[in-house]
Amino acid sequence: MTDPILEVRDLQTHFFTADGVVRAVDGVSFEVYEEEIVGIVGESGAGKSVAAASIMRLVEDPGEVVGGEVSFKGEPIVEFEETEAGTRRPTDAMLSNREMRERIRGREIAIIFQDPMESLNPVFTVGGQLREFIEINRDVGESEAREIAVEMLREVGIPEPRERLDDYPHQFSGGMRQRVLIAMALSCEPSLIIADEPTTALDVTVEGQILEQVADLQEKYGTSFIWVTHDLGVVAEICDRVNVMYLGQMAEQAAVDALFHDTRHPYTDALLDSLPRPDRTVEELRPIAGVMPEAINPPSGCRFHTRCPDAREVCRQVNPDARDVSESDERPHRAACLKHEDVFHEDYWSSPPIDNETDSGFAVGRTDAGGSGDE
Amino acid sequence: MSDTRDPGDATGQAGRTAAGASAGDDPLLRVEGLTKLFKNDSGFLSWLTVDRDADGVPVTADREWVRAVEDVSFEIRRGETLGLVGESGCGKSTLARTLLRLIDPTEGDVYFEGDNLAELSGEALRRKRKDMQIIFQDPQSSLDPRMKVGPIVEEPMRAHDMLDDEGREERARELLSRVGLDPQHYNRHPHAFSGGQRQRINLARALSVNPDFVVCDEPTSALDASIQAQVLNTMRRLQEEFGLTYLFISHDLSVIRHISDRVAVMYLGEVVELADKEELYENPQHPYTQALLDSIPVPDPRESETRGVLEGDVPSPIEPPSGCRFRTRCPELIAPAEYDLTDAEWAAVRAFTRRVVRHGFEMTTQADLEAEFFGDTRPGGPAGEALDRAFVLLERKEPDAAADHLRDSFIEPSICAREQPSYEVDPEYGDGRHFCACHLQRDEELTH
Ligand SMILES: Nc1ncnc2c1ncn2[C@@H]1O[C@H](COP(=O)(O)OP(=O)(O)OP(=O)(O)O)[C@@H](O)[C@H]1O
Ligand SMILES: Nc1ncnc2c1ncn2[C@@H]1O[C@H](COP(=O)(O)OP(=O)(O)OP(=O)(O)O)[C@@H](O)[C@H]1O
Ligand code: SF4
Ligand code: SF4
Ligand SMILES: [Mg+2]
Ligand SMILES: [Mg+2]
């Protein structure tokens, strides 16, 4: 296999809030190869958006990328070195903000957000914004940019694109706005597009239209995608490889078929079991006990141990990183779970089980904000 | 009937199980021809005035009516869950609010336990309302952040003068534990709870006045999958314990399949299909239902090849299409009776017409278009002549005129544009009623 175009190693992004440090992304590694769609999936608050923003170096105050490496086609987007005092500082080679702005964002890596109105200015026409974006990022003149804009809108399935250039964003439906953003992202022919839940707010029929279009365009332009979602149905449909995040860390990383049919992590398993299915009647759903704890105060040991049906005492002590647990003849399949004793060498099977309440009763944990002791 | 029940019987352990829900009973709720139109003069909807109608023509309609719900009829039997599914804006919430009389219907009647709600006076209606509760989608905004959980749960009881202070508190604590919360949480504020827990508080509040009927408007849509499963399981359990009847609204077909006994599918203000769950999912008859089912992503990569794609956008509810409202997107639009076309010819004509009507063209040459759409399936006769005329207009760079001509020739004369469909289907699964608003059923009836 060729080298990945994007490599993320042990990425850490923390938020320094009045209440303490939120370890939103806490040691995450993954890579993206050419022409593939890589999913990042997980529940609300798992750190998916923060991870996506970190790659683009778009993390806002009070957040900060505090460790790890991100390298894109060999260039260091994030890179740290140790100082003599033992602290970490960015290396000299790390791309400057200006280089990120002028060379990377938009041109090499584009991002699409869940809410298109975050990226579209309501007081300017759709055509104007698209044209300007193309002018700046592709060094072409106004009229050529306009033609590219029409062509891209047609590509993403906007009817009568030329007539609609002068419309304002609010005159477009939610689905059409999202298409405009995809057109914008594609217009500079970047190598990588990061899509953060771009279809989550849309109806299934519209989502279906957009996913089909993306699959076609992906094939045509050979763009790589990072597709952030909480919907395992979407993952199954478009992703080649999948990263499952839980509470700031990677739980499982595998090719899409292996993730669904040869699941190696209890969290992924439990997530799949909790889903109602469109294609058959499931009499009994099996929910995961409790709620995901807050990233400001994560549990010791394996972060899933408070809810994991397979948790044992050792899981309270040891926090497993995601390691390759595949058989020798398989594609890499990483799981962060001590059950794979031959890889992690902790005495999992002889450790006493922890009884996590699987009922949805009182054992349902409170959110941490609930600890205010007002009773 | 709840008035004769001891309200102190907080949890209804005895008696009122779903066993009372034998079929053949009078329905708990009956909706007849329910219609709700909104006057579209409010600012927040003003974008509709520049929207385009079904066929891509800009609508300039300021003070027109938004036809949010139109002529909807169905029944809900005691103890069952009727699922209501449809895309954003199709009128689900409006239907729910209208049938609870939180807003007045424009037309139509709602019978609850045999009484026409429209004919009930203020006080009688108020008492009836106690038996009909609603839970909203957003657990955040539906709970007053300044109030503690206990008083939130007690609020409906206070409004209906149920019990004394002490009784209410006792009942609130009991209900909290019934919905899976710790009764100790009585004195907490809602912000201290997660989304799933807030939805449980909503449940406890709705159940506090011992309702027979609960409308659940997207109660789990804001929740993560693992939490959604917890809440859905709890709702099922409570239904059995309290003998509840649910109208469960969602845009998520998987959730609807899990929770419902029967399912109604809405499109643009109308119910287009209604059947027992298994029948609806395994033997869907309406092209819209089929398209919806086809477009859900299945959480299994080995099943994902089959996802279908529905073309076009939902038209504006201000000027919905005539006849069948789904006709502007329907992949099975029926050929006008006056043309004698093969299926392949009609498919080509339909595709070509849709394309011209929806997208316009930058005209290449007639030969290219002919090749792209018709190949060797170009129909002759009157249909062929109508196509010839369209090509002439396209050649003259009059795409709008071509679109009008094609619409007049091939869409307007179709039964789909002329008559409102309403048919009964012989079910393949079970023996419940299967309603389908699609003219394809007409052929079925003729051939039987
Ligand atoms: N500006 C901020 N200040 C403090 N904490 C933050 C901030 N932004 C994000 N976080 C925290 O970082 C963690 C990860 O958040 P993130 O938005 O990445 O989650 P996510 O997986 O994208 O969830 P969702 O599915 O809800 O979008 C959460 O605990 C969140 O509360
Ligand atoms: N107060 C109102 N005034 C005018 N139009 C309204 C009003 N309330 C709803 N509508 C319109 O009625 C139609 C149906 O809206 P409704 O909220 O019932 O849809 P819904 O199916 O519940 O959608 P969602 O899934 O997004 O909740 C929409 O076109 C909406 O814009
Ligand atoms: S390490 Fe232990 S707690 Fe964590 S997922 Fe594996 S079994 Fe569960
Ligand atoms: S009536 Fe006609 S347009 Fe409507 S769903 Fe049936 S075939 Fe399609
Ligand atoms: Mg996010
Ligand atoms: Mg609604």
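Test B:Glu273 against the stated conditions and say whether it is closer than 20 Å to B:Glu87 by Cα, touching a Phe, Trp or Tyr at 6+ places or on another chain (Cβ under 7 Å) and among the acidic types (Asp, Glu). Spelling it out, B:Glu273 is indeed closer than 20 Å to B:Glu87 by Cα, touching a Phe, Trp or Tyr at 6+ places or on another chain (Cβ under 7 Å) and among the acidic types (Asp, Glu).
Would you say B:Gly375 is modelled with pLDDT under 95, open to solvent by less than 50 Å² (accessible area, probe 1.4 Å), out of contact with any helix residue (DSSP H, G or I) (no Cβ under 7 Å at 6 or more places or on another chain) and more than 30 Å from A:Pro278 (Cβ to Cβ)? If you could, list the steps in order and put the result at the bottom.
On the way: modelled with pLDDT under 95: yes; open to solvent by less than 50 Å² (accessible area, probe 1.4 Å): no; out of contact with any helix residue (DSSP H, G or I) (no Cβ under 7 Å at 6 or more places or on another chain): yes; more than 30 Å from A:Pro278 (Cβ to Cβ): yes.
Considered against the rule, which asks whether it is modelled with pLDDT under 95, open to solvent by less than 50 Å² (accessible area, probe 1.4 Å), out of contact with any helix residue (DSSP H, G or I) (no Cβ under 7 Å at 6 or more places or on another chain) and more than 30 Å from A:Pro278 (Cβ to Cβ), B:Gly375 comes out as no.
All conditions in (1) assigned to a loop (DSSP other than H, G, I, E, B); (2) in contact (Cβ under 8 Å) with a residue 24 or more places away in the chain; (3) buried (at least 16 other Cβ atoms within 10 Å of the Cβ) hold for A:Asn121, with the sole exception of (3). A:Cys315 falls short on exactly one of the conditions (1) assigned to a loop (DSSP other than H, G, I, E, B); (2) on the phi < 0 side of the Ramachandran plot, and that condition is (1). Taking every residue in segment A:302-317 that is more than 15 Å from A:Leu271 (Cα to Cα) and pairing it with any residue that is among the charged types (D, E, K, R) and away from ligand 4 (no atom under 16 Å from the Cβ), at least 6 positions away or on another chain, the pairs with Cβ-Cβ distances below 7 Å are A:Val314/A:Glu346; A:Val314/A:Asp347.
Tell me, which helices (runs of 4 or more DSSP H) lie completely within segment A:136-193 with 1 or more residues that are small (Gly, Ala, Ser) and farther than 16 Å from A:Leu211 by Cβ?
On the way: elements: A:142-155, A:161-164, A:174-187.
Ranges flagged: A:142-155, A:174-187.
Each residue in segment B:211-236 was checked for being open to solvent by 10 Å² or more (accessible area, probe 1.4 Å), farther than 16 Å from B:Glu80 by Cβ and not in a strand (DSSP E or B), and 9 of them qualify. Taking B:Ala206 as the residue in question, decide whether it is open to solvent by 10 Å² or more (accessible area, probe 1.4 Å), more than 8 Å from every other protein chain (Cβ to nearest Cβ) and either touching a strand residue (DSSP E or B) at 6+ places or on another chain (Cβ under 6 Å) or among the hydrophobic types (A, V, I, L, M, F, W, C) (or both). Answer is no for this residue. Residues in segment B:69-89 that are more than 9 Å from ligand 6 (Cβ to nearest atom), assigned to a loop (DSSP other than H, G, I, E, B) and within 12 Å of another protein chain (Cβ to nearest Cβ): 2 in all. With respect to the stated conditions, B:Arg407 is of a type in the set (Lys, Arg), open to solvent by less than 90 Å² (accessible area, probe 1.4 Å) and in contact (Cβ under 8 Å) with a residue 24 or more places away in the chain.
For every residue, the table says whether it meets (1) surrounded by fewer than 23 Cβ atoms within 10 Å (Cβ to Cβ); (2) more than 30 Å from A:Thr125 (Cβ to Cβ); (3) of a type in the set (Gly, Ala, Ser).
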site: A:Glu155; (1), (2), (3): yes, no, no
site: A:Glu160; (1), (2), (3): yes, no, no
site: A:Gln171; (1), (2), (3): yes, no, no
site: A:Glu197; (1), (2), (3): yes, no, no
site: A:Val204; (1), (2), (3): no, no, no
site: A:Glu212; (1), (2), (3): yes, no, no
site: A:Asp216; (1), (2), (3): yes, no, no
site: A:His230; (1), (2), (3): yes, yes, no
site: A:Val242; (1), (2), (3): no, yes, no
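Confirm whether A:Glu64 is at pLDDT 95 or above and more than 30 Å from A:Pro287 (Cβ to Cβ).
When the stated conditions are applied, A:Glu64 passes them.
Flag not set for A:Phe225, criterion: facing another protein chain (nearest Cβ under 7 Å), within 21 Å of A:Glu31 (Cα to Cα) and out of contact with any Phe, Trp or Tyr (no Cβ under 9 Å at 6 or more places or on another chain).
Might you check whether a residue that is free of Cβ contacts under 8 Å to residues at least 60 places away in the same chain and over 30 Å from B:Ser88 (Cβ atoms) occurs anywhere in segment B:190-201? So far as segment B:190-201 goes, yes, one or more of its residues are free of Cβ contacts under 8 Å to residues at least 60 places away in the same chain and over 30 Å from B:Ser88 (Cβ atoms).
Please enumerate the residues belonging to segment A:151-186 that are facing chain B (nearest Cβ under 10 Å) and more than 29 Å from the chain's Cα centre (by Cα). Correct list: A:Pro159, A:Glu160, A:Pro161, A:Arg162, A:Glu163, A:Arg164, A:Asp167, A:Tyr168, A:Gln171. Of the residues making up segment A:263-283, just one is more than 13 Å from A:His340 (Cβ to Cβ), more than 9 Å from every other protein chain (Cβ to nearest Cβ) and open to solvent by 10 Å² or more (accessible area, probe 1.4 Å), namely A:Asp269. Within segment B:258-312, the residues that satisfy the criterion of being open to solvent by 30 Å² or more (accessible area, probe 1.4 Å) and in contact with a Gly (Cβ under 9 Å, 6 or more places away or on another chain) are B:Asp261, B:Asp276, B:Glu278, B:Gln290, B:Leu293, B:Asp294, B:Arg307, B:Val309. Restricting A:Gly39, A:Gly74, A:Gly86 to those that are away from ligand 2 (no atom under 16 Å from the Cβ), in contact with a Cys (Cβ under 8 Å, 6 or more places away or on another chain) and among the small types (Gly, Ala, Ser) reduces the list to A:Gly39.
Here segment B:169-185 is the region considered, the condition is being open to solvent by 20 Å² or more (accessible area, probe 1.4 Å) and modelled with pLDDT of 90 or more, and the residue that is farthest from the other protein chains (Cβ to nearest Cβ) is B:Glu170.
If you check B:Ser322 against the conditions, is it of a type in the set (S, T, N, Q), out of contact with any strand residue (DSSP E or B) (no Cβ under 6 Å at 6 or more places or on another chain) and at pLDDT below 90? Full working, then the answer.
On the way: of a type in the set (S, T, N, Q): yes; out of contact with any strand residue (DSSP E or B) (no Cβ under 6 Å at 6 or more places or on another chain): yes; at pLDDT below 90: no.
Taking the combined requirement at face value, the residue does not satisfy it.
For A:Glu283, state whether it is away from ligand 4 (no atom under 16 Å from the Cβ), free of Cβ contacts under 8 Å to residues at least 24 places away in the same chain, farther than 29 Å from B:Leu280 by Cβ and over 20 Å from the mean Cα position of the chain (by Cα). It is false that A:Glu283 is away from ligand 4 (no atom under 16 Å from the Cβ), free of Cβ contacts under 8 Å to residues at least 24 places away in the same chain, farther than 29 Å from B:Leu280 by Cβ and over 20 Å from the mean Cα position of the chain (by Cα). Exactly one residue out of A:Gly157, A:Gly106 is modelled with pLDDT of 85 or more and at positive phi: that is A:Gly106. Exactly one residue out of A:Gly68, A:Gly27, A:Gly39, A:Gly63 is crowded, with 20+ Cβ neighbours inside 10 Å, farther than 28 Å from A:Arg179 by Cβ and touching a strand residue (DSSP E or B) at 6+ places or on another chain (Cβ under 9 Å): that is A:Gly68.
The values are calculated or read from the model by the stated rules, or taken from the named source; none is laboratory data. Keep in mind that what you see is a predicted model, and the values were worked out from it rather than measured. Counting neighbours? That spans all protein chains shown, and the Cβs are built from the backbone with ideal geometry, glycine included. For accessibility, only protein heavy atoms count, side chains too; no ligands or nucleic acids. Shrake-Rupley method; radii C 1.70, N 1.55, O 1.52, S 1.80 Å.
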